[in-house]
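A short write-up of the structure that comes next.
The values are calculated or read from the model by the stated rules, or taken from the named source; none is laboratory data. None of the values given here were measured: they were computed from a predicted structure. Reconstructed Cβ throughout: ideal geometry from the backbone, glycine too, with neighbour counts over all protein chains shown. Heads up: the accessible areas ignore ligands, DNA and RNA and are worked out on the full protein's heavy atoms, side chains in. Shrake-Rupley method; radii C 1.70, N 1.55, O 1.52, S 1.80 Å.
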Amino acid sequence: MEENLGEKIYEASCFINDIYQQVQILLLACDAAFERAGLVPANGNEVELHRARNLYAVEAWSQRAVGRVYVPRQPDGKGLKAFVAVEVHLRPRSATHALLVLAYAEASGEATPQALTRQYRDGEWLEDLLVQPSPGPNEWRGGRAEHPRHLPLADELKLKSWPLTDITDESALEHHLISRLREWASPQSR
């Protein structure tokens, strides 16, 4: 055991907490941008986490990503036509730097906010789809057959990622997210 191990663990823990506070600020900025566009979080104030439980898989202990799903503001909670997800990847598989991933999906007929939240929680990280070679290193588009473990309620899924270094302030974040969503949701994009 190393000397001053408890102190080193405490300092590292404080550093990790600081990182997650920055991620919280980023996700709250996403909430604000999407609120102005008529989208609300599907699962209240919760974010989705995938936790490691294997003692020997230390590299997986720290949270490598957090995600949040957004749906159109609708009072009845019935079926959805489209929904959005945002993931913040601190250690992505598709890049050597932290990423913000935006996903837009057109929903199948049976999609509800509750079913969507459950599928997202139980599924794979959407960023994993960006590792595949099509059509480019930071964009991906595919139908249900191409993403069977990633939101099966989505008939078509569109992804784009940006390095977190591109997100210089809240207005840059909103510009990246909302302009891409408008492009994807337009009839010409289908």
Exercise for review: Could you check how much of the accessible area of the chain is carbon and sulfur, as a whole percent, using a 1.4 Å probe?
Suggested key: 54 percent
Practice item. Could you do me a favour and compute the accessible area per residue for region 1-56, 1.4 Å probe, result in Å²? Key: 77 Å²
Revision key, fill the gap. Contact order relative to length for the chain, counting C-alpha pairs under 8 Å separated by 6 or more residues, stands in percent at 17 percent
Check your understanding: Considering amide H positions built from the backbone, and no H for Pro or chain starts, which residues 5 or more places from A82, or on another chain, come under 5 Å of its amide H?
Key -> A107
Revision key, fill the gap. For the chain, whose charge dipole is built from +1 on Lys and Arg Cβ atoms and -1 on Asp and Glu Cβ atoms, the candidate among S179, C30, L55 with its Cα farthest towards the positive end is S179
Practice item. Provide the per residue accessible area, probe 1.4 Å, for region 137-190, rounded to a whole number of square angstrom. Key: 54 Å²
Check your understanding: Say R0 is 45 Å: what FRET efficiency, to the nearest 0.05, do C14 and R118 get from their beta-carbon distance?
Key -> 0.85
Check your understanding: In nm, to one decimal, how far is the modelled label at W61 from the one at N4, with both set 7 Å along Cα→Cβ?
Key -> 2.0 nm
Review point. Which value, in Å to one decimal place, does the Kirkwood hydrodynamic radius take for the chain when every pair of different Cα atoms is included?
Key: 17.5 Å
Practice item. Treating only the Cβ atoms of Lys and Arg (+1) and Asp and Glu (-1) as charged, compute the dipole magnitude of the chain about its Cα centre; round to the nearest 20 debye. Key: 680 debye
Practice item. Per DSSP H run of at least 4 residues, take -39500 (n - 2.57); add these up for the chain, divide by its residues and hand me the 222 nm value, nearest 500 deg cm²/dmol. Key: -10500 deg cm²/dmol
**Study point:** Among 6-12, 18-24, 157-163, the order from most to least packed when residues are scored by Cβ within 10 Å on average
**Key:** 157-163, 18-24, 6-12
Revision key, fill the gap. When the charge dipole of region 5-185 is computed with +1 on Lys and Arg Cβ and -1 on Asp and Glu Cβ about the Cα centre, the Cα farthest towards its positive end, among T96, Q119, S13, belongs to Q119
Practice item. Return the distance in nm (one decimal) between the two label points of a simple spin-label model at I178 and E35, each offset 7 Å from Cα along Cα→Cβ. Key: 1.3 nm
Point to revise | region 67-127 - charge dipole about Cα centre, Lys and Arg +1 at Cβ, Asp and Glu -1, debye rounded to 20 | key: 160 debye
